[in-house]
Amino acid sequence: MQSGWNAYIKEDLIVEPTGSGALSKLVFAVKDVFEIAGHTNSAGNPDWLDSHGPAESHAEAVDLLLRQGARVKGATITDELMFSLNGENHHYGTPVNPAAPGRIPGGSSSGSAVAVAAGLADFALGTDTGGSVRVPSSYCGLFGIRPTHGLAPIGGVIPLAASFDTVGWMARDAQTLRRVGEALLGAEDGGGEFRRLIVAEDAWAVAEESCRQPLAASLAALERTMDSRRVTLAPKGLAAWAATFRTLQGFEIWSAHGEWITERKPRFGPGIAERFVWAGTLRREEYERALPVRAGIRAELAARLGDDGLLVIPTVPCAAPRIGLADAEIERTRAKVMQLSCIAGLGGLPQVTMPVPSRGGYPVGLSFIAGPGRDLRLLRWVGDVAVRALQGQAVGG
């Protein structure tokens, strides 16, 4: 049972495995945007639920995991139409963060993160467009991945912004995260090793001191094992990168859902409604001006990383914020989160976040971003190198 965690919108949604393999005997939860045959997705909003019918088949990612022996247990709560990073759902309630009671779980894959952190599932599927797996993974003390854009199968998943949408997943340990990746991503990327750490100083400057200090102690342990170089990623500021991301994402969101919103006039909770109104004001010329900016950022990141580089950044700027903060404070934190999460999004790059404890008792996330298609190598490296390097590491303040 949920035992008060409020992770699920439908806990009794059970799908038995269709085969056996590396994931046999594992149980996974599914964000309520993945199609499950016979189940009607809510996408976190009752008007969406009322205006859509049951799926005829499973989403591609779900089907692959069932074939490898995993069992579905439960559809999890998501922020409305995936358009938030907080995890507070006005209609279905806020999932309870097991790692930080009284604090938000992070969204939009909030229920998936809570199900895993509470031990209700071995791993969970989510989606990550602007940080929706990475943020709740960090806040809830989990390992999580946003893969290379287009690499994990996304068929049968409700879209948000097509050129950023990815299928992501989260687990309590690096080994399980990797096993799921091997089931979803298929062939290896050709081998090779990561030899360089690239520390983005402007990204580290975004983090609050209470978050930056324990992460810096972990980074120092890793720097003793690999060559390390410090760089500035965005000479004009990561806020400018986030603005480019926001324009592209917002236009694509309205392209995907504007017609339904205009016709249905759904009831959205606070914050969500305002974001959709804003997305509806974006013009195509703004979108088209942002496209070459993204292309330049993507080319620069790929060249900097090459085949053997890893970009190291804080996953988010702070530990999970308290529930019920004022709107202005929530938006300030969201803006800082986007400065960090937009990097992999604009680059279309794989990013893995791993939990690091802090003296405050709340988890924070350390992230590694690799070149495109290096997902399985990154998953192996996190388990074989990063976790071992940080074992026994003294925690910062």
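The values are calculated or read from the model by the stated rules, or taken from the named source; none is laboratory data. Predicted model only: the values in this text are computed from it and were never measured. So basically every Cβ, Gly included, is an ideal-geometry build from the backbone, and we count neighbours across all protein chains shown. Ligands, DNA and RNA are stripped out before the accessible areas are found, and what is left, the full protein with its side chains, is counted by its heavy atoms. Shrake-Rupley method; radii C 1.70, N 1.55, O 1.52, S 1.80 Å.
Quick notes
- Relative contact order, whole percent, for segment 37-88 stands at 37, derived from Cα pairs under 8 Å and 6 or more residues apart.
- Ranked from largest to smallest solvent-accessible area, with a 1.4 Å probe on the protein heavy atoms, Leu291, Leu66 come out as Leu291, Leu66.
- Along each principal axis, taking the top coordinate minus the bottom one, the Cα set of the chain gives 55, 50, 41 Å in descending order.
- About its Cα centre, segment 1-149 has a charge dipole of approximately 580 debye under the convention of +1 per Lys or Arg Cβ and -1 per Asp or Glu Cβ, with nothing else charged.
- Packing-based ranking, highest mean first, of 315-324, 45-54, 345-354 given that Cβ atoms within 10 Å are counted: 345-354, 315-324, 45-54
- In a simple Cβ point-charge model (Lys, Arg +1; Asp, Glu -1; nothing else charged), segment 62-121 has a dipole of about 280 debye relative to its Cα centre.
- Net charge dipole size for the chain [Lys, Arg +1 and Asp, Glu -1 on Cβ; Debye, nearest 20]: 960
- Mean separation of Cα contacts under 8 Å, 6 or more apart, over the residue count of the chain: relative contact order %: 19
- Our analysis of segment 13-132 gives Rg over Rh at 0.97, with the two radii drawn from alpha carbon positions and Rh computed by the Kirkwood formula.
- Which of Gln351, Tyr287, Pro314, positive extreme of dipole for segment 284-364 (C-beta unit charges): Pro314
- Listed residues Ile297, Thr129, Leu215: farthest to the positive end of the dipole of the chain (Cβ charges): Leu215
- Each peptide in 122-132, 191-201, 370-380, 226-236 was scored by the mean count of other Cβ atoms within 10 Å over its residues; highest first, the order is 122-132, 370-380, 191-201, 226-236.
- For the chain, the residue among Ile198, Ala118, Gly324 whose Cα projects farthest onto the positive side of the dipole built from Cβ charges is Ile198.
- With a 1.4 Å probe rolled over the protein heavy atoms of all chains, the accessible area of Arg246, Arg304 falls in the order Arg246, Arg304, largest first.
- In the elastic network of the chain, a GNM with C-alpha springs shorter than 10 Å, the most mobile of Ala239, Ala161, Ala113 is Ala239.
- Taking packing as the residue-averaged number of other Cβ atoms within 10 angstrom, the listed peptides 269-276, 331-338, 25-32 run from highest to lowest as 25-32, 331-338, 269-276.
- Axial C-alpha extent at least 18 Å, average Kyte-Doolittle at least 0.0 - helices from the chain (DSSP): 209-223, 327-347
- Close lysine pairs were tallied over the chain: pairs 8 or more places apart or on different chains with Cα atoms under 27 Å apart number 9.
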